[in-house]
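The structure appears right after this line, and notes come after that.
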Amino acid sequence: MLQSDWSKDPRLSGFPPEKLNFLKELARDISQKPKSQLMAAFASIQVEALKRGIQFSNEETQQIVSVLSSSMSPEEKRKMEMLKMLANKMAARKS
């Protein structure tokens, strides 16, 4: 699902090292999960980031989704879009 060199994508070149390391760690964890649990794992990224004091701007989130979804099937991309909408709704409730 995830391309092995996603972290070298130029769209992520401006990310601070702690954010890139966080993403690499999560990608490693996600790669070990059964495919049936991947969407739930993606959904937990925001929660885990907040626990660690890491926040992603809307632009950074768009870049991450763009990079990670580039190798997804159309169905997986639709699921990713649904997760983004749910995350936005959850974030709006906390504001």
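Assorted remarks:
- The helices (runs of 4 or more DSSP H) found entirely in region 1-74 that carry 3 or more residues being at pLDDT 80 or above are 17-31, 45-51, 58-69.
- Arg28 being open to solvent by 90 Å² or more (accessible area, probe 1.4 Å), more than 23 Å from Ala92 (Cα to Cα) and in contact (Cβ under 8 Å) with a residue 12 or more places away in the chain: no
- So Glu18, is it charged (D, E, K, R) and open to solvent by less than 80 Å² (accessible area, probe 1.4 Å): no
- Total residues in region 41-92 satisfying the condition of being surrounded by fewer than 16 Cβ atoms within 10 Å (Cβ to Cβ) and acidic (Asp, Glu): the figure is 4.
- Counting only residues that are among the polar types (S, T, N, Q) and surrounded by 10 or more Cβ atoms within 10 Å (Cβ to Cβ), region 31-40 holds 2 of them.
The values are calculated or read from the model by the stated rules, or taken from the named source; none is laboratory data. Since we're looking at a predicted model, the values are computed, not measured. Glycine also receives a Cβ, built like all others from the backbone with ideal geometry; neighbour counts cover every protein chain displayed. Just so you know, the surface numbers come from the protein's heavy atoms only, side chains and all, with ligands and any DNA or RNA stripped out. Shrake-Rupley method; radii C 1.70, N 1.55, O 1.52, S 1.80 Å.
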